[in-house]
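Working notes, structure below.
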Amino acid sequence: MDKITISKPDDFHVHFRQGELMKAVLPSTLKWFGRALAMPNLRPKPVLDTRDAKRYRGEITAAAKEAGHPDFEPLMAIQLTDKTKPRGIKHAQQAGVIAAKVYPIGVTTNSDNGVRSLKSCALTLQAMQDCGMVLSLHGEKPGVFCLDREREFLGVLDWLVESFPSLRIVLEHITTFQAVAKVINLPETVAATITVHHLFLTLDDIIGGGLSPHNFCKPVAKRESDREALRHAVLWGNPKFFLGTDSAPHPRDRKECASGCAGVFTAPVAMPLLAQFFEEHAGKNWRKGLEEFSSLHGAKFYGLPKNSGKLTLIRR
Ligand code: DOR
Ligand code: ZN
């Protein structure tokens, strides 16, 4: 098949940044995706409330229009901090914000005002459950050896599911065999995004030869056995797993330096790579698998209609 058409995909996890960098990177998402969930970890000020989210949505929409994509729909998330109030959640939800993102303090880029303890946010989480806002989790436990951070984070999911049985939770950009197993074993309210780069990379691609800063992200790519588990989760067609590219651009001098930023910029190549992955591994129904993973499962989990547009991919 040299040409396939699928429903327009959604990217349920992307970093658009702001200003000139946004203008430079946004077209790479507009080319492939109908909607995208814009991550709120902006610098110097993250997207924390309704006002920030409206302003950021305005900036994305304006840049999309300027780039010739007036129909692109940015999906908005606010960052949940220790200071987020239940009424702030309700207000944001009414303004169209669909998710609140938790960064445990200090685990990744721009997470220094992250959350110290999810348990101390119980009232806010209750408000999210009540109004149907999705909890989006950067699943790494701070202060733990880097390869074990995701695995050590998983325990808190049991508390979340028990305390908030109808809160929808997305464990973002999972990288381990244990995270795949955990998400499968938890109720339907828990899903996970998987990036394209984590289907291709292992830690060897970052530090196994010459140091490759452009493959460095958080959570860091792990072992071959972890990558295999992610590949199986994606190919299996389970609706709990869907695409969030975590495309995370940084200026070259912030990647190629002594203390480089985490983040892999995949937006320009994510859909072609994913199509290649499905064609090579999913058997004869690969087009259907690709469409479910990138265009259907995520929308369904978030309670959004499927995109009306189409994406055609041509091999060349
Ligand atoms: O690698 C990453 N880059 N992981 C994150 O969680 C944040 C992101 C960024 O903003 O650069
Ligand atoms: Zn991210």
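The values are calculated or read from the model by the stated rules, or taken from the named source; none is laboratory data. No experiment lies behind these values; they were computed from the predicted model shown. Reconstructed Cβ throughout: ideal geometry from the backbone, glycine too, with neighbour counts over all protein chains shown. Calculation scope for accessible area: heavy atoms of the full protein, side chains included, ligands and nucleic acids excluded. Shrake-Rupley method; radii C 1.70, N 1.55, O 1.52, S 1.80 Å.
Side notes on the structure shown:
- Residues of the stretch 169-177 include none that is over 27 Å from GLY289 (Cβ atoms), open to solvent by less than 10 Å² (accessible area, probe 1.4 Å), away from ligand 1 (no atom under 12 Å from the Cβ) and not hydroxyl-bearing (Ser, Thr, Tyr).
- One residue from LEU157, LEU167 being in contact (Cβ under 8 Å) with a residue 24 or more places away in the chain, under 26 Å from ASP11 (Cα atoms), part of a loop (DSSP other than H, G, I, E, B) and out of contact with any Asp or Glu (no Cβ under 8 Å at 6 or more places or on another chain): LEU167
- Matching residues in the stretch 147-200 - criterion: being over 21 Å from VAL264 (Cα atoms) and among the hydroxyl-bearing types (Ser, Thr, Tyr): SER163, SER166, THR189
- Set ILE78, ILE89: member being in contact with a strand residue (DSSP E or B) (Cβ under 7 Å, 6 or more places away or on another chain), crowded, with 16+ Cβ neighbours inside 10 Å, of a type in the set (A, V, I, L, M, F, W, C) and within 29 Å of LYS8 (Cβ to Cβ): ILE78
- Any hit, the stretch 101-114, residues being aromatic (Phe, Trp, Tyr) and crowded, with 18+ Cβ neighbours inside 10 Å: yes
- Selection status of PRO272, away from ligand 2 (no atom under 16 Å from the Cβ), under 20 Å from MET39 (Cβ atoms) and touching a residue at least 40 places away in the same chain (Cβ under 8 Å): no
- Of the residues screened, PHE164 is not one that is aromatic (Phe, Trp, Tyr) and either surrounded by fewer than 16 Cβ atoms within 10 Å (Cβ to Cβ) or within 19 Å of the chain's Cα centre (by Cα) (or both).
- ALA299 vs. criteria of a type in the set (A, V, I, L, M, F, W, C) and in contact with a helix residue (DSSP H, G or I) (Cβ under 7 Å, 6 or more places away or on another chain): no
- The strands (runs of 3 or more DSSP E) falling completely within the stretch 1-54 that include 3 or more residues that are more than 15 Å from ligand 1 (Cβ to nearest atom) map to 3-7.
- Scope the stretch 103-121; condition in contact with a Gly (Cβ under 6 Å, 6 or more places away or on another chain) and in a strand (DSSP E or B); matching residues: PRO104
- Test: residue in the stretch 144-155 that is buried (at least 18 other Cβ atoms within 10 Å of the Cβ) and either of a type in the set (A, V, I, L, M, F, W, C) or within 28 Å of LEU26 (Cβ to Cβ) (or both): yes
- Filter pass, ILE89 being among the β-branched types (Val, Ile, Thr) and within 25 Å of VAL264 (Cβ to Cβ): no
- Criterion violated by GLU66 - all others in (1) touching a Leu at 6+ places or on another chain (Cβ under 7 Å); (2) within 29 Å of LEU30 (Cβ to Cβ); (3) open to solvent by 40 Å² or more (accessible area, probe 1.4 Å) satisfied: (1)
- Among the numbered conditions (1) farther than 15 Å from GLN18 by Cα; (2) surrounded by fewer than 19 Cβ atoms within 10 Å (Cβ to Cβ), the only one that PHE72 does not meet is (2).
- Qualifying positions in the stretch 12-44 - open to solvent by 40 Å² or more (accessible area, probe 1.4 Å) and modelled with pLDDT of 95 or more: GLN18, GLU20, LEU21, LYS23, ALA24, PRO27, LYS31
- Between ARG231, ARG254, ARG223, the distinction of being of a type in the set (Lys, Arg) and within 16 Å of ligand 2 (Cβ to nearest atom) belongs to ARG254 only.
- Of all the residues in the stretch 276-292, those that are open to solvent by less than 30 Å² (accessible area, probe 1.4 Å), under 20 Å from PHE12 (Cα atoms) and without any contact (Cβ under 8 Å) to a residue 60 or more places away in the chain number 2.
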